[in-house]
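Asks: Before I ask anything, let me first share the structure, which is written out below as structure tokens.
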Amino acid sequence: MSKNTQLSDVAANAEADAIGRLLDNGYLRIYDGAQPADADTAVTTQNLLAELRFAATSAPAALGGVLTFSTIAAVVAAATGTAAWFRALKSDGTSAVFDGSVGASAANMILAALNIQADSQVSVSNFTYTAQKAATGV
């Protein structure tokens, strides 16, 4: 029989909440270029477009396995480019927690504008993390 793991809401919320605590006072870095294979892969040729900070409590408790991050203060862009992906890091600024896609819709993180100009304001419209309740092969 193949593996068919199914998490309860309690377990999915615990997973999402743990991610939230890892990101308290953490960093949200937005890059152009190709997203690395995983969050443990170093950033190489991608350009850092903007660096934002999570709040002291990055998100309230998850509901249904969905963690909705608290408001993230807008910042001034460091470089010009097209936002393609992000990396979320712990407050030490070096420990990656997870990466994801950036888009105007149907992405992990929604930005008001994907074409970022240096010295312009960058703000996040919507940002969530969803714990996977069903996982095959686990």
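Every read-out reported here was derived from the displayed coordinates using simple, explicitly stated rules and does not represent laboratory data. The structure displayed is predicted, hence computed values, not measured ones. For neighbour counting, all protein chains shown are included, and Cβ atoms are generated from backbone atoms with ideal geometry for every residue, glycine included.
Asks: Exactly one condition in (1) of a type outside the set (F, W, Y); (2) closer than 14 Å to D32 by Cα; (3) in a loop (DSSP other than H, G, I, E, B) is not met by S101; state its number.
Replies: For S101, the failing item is (3).
Asks: Residues of the range 93-124 being more than 14 Å from F69 (Cβ to Cβ) and in contact with a Lys or Arg (Cβ under 7 Å, 6 or more places away or on another chain), which ones?
Replies: A96, D99, listed by residue number.
Asks: Then there is this: How many residues does the range 95-108 contain that are of a type outside the set (D, E, K, R) and closer than 19 Å to A18 by Cβ?
Replies: The qualifying residues number 6.
Asks: State the number of residues belonging to the range 30-77 that are in contact (Cβ under 8 Å) with a residue 40 or more places away in the chain, in a strand (DSSP E or B), surrounded by fewer than 21 Cβ atoms within 10 Å (Cβ to Cβ) and within 15 Å of the chain's Cα centre (by Cα).
Replies: Adding up the residues that qualify gives 3.
Asks: In addition: Hey, could you check the range 90-121 for residues that are under 17 Å from N47 (Cα atoms) and among the acidic types (D, E) and say which is surrounded by the fewest Cβ atoms within 10 Å (Cβ to Cβ)?
Replies: D119
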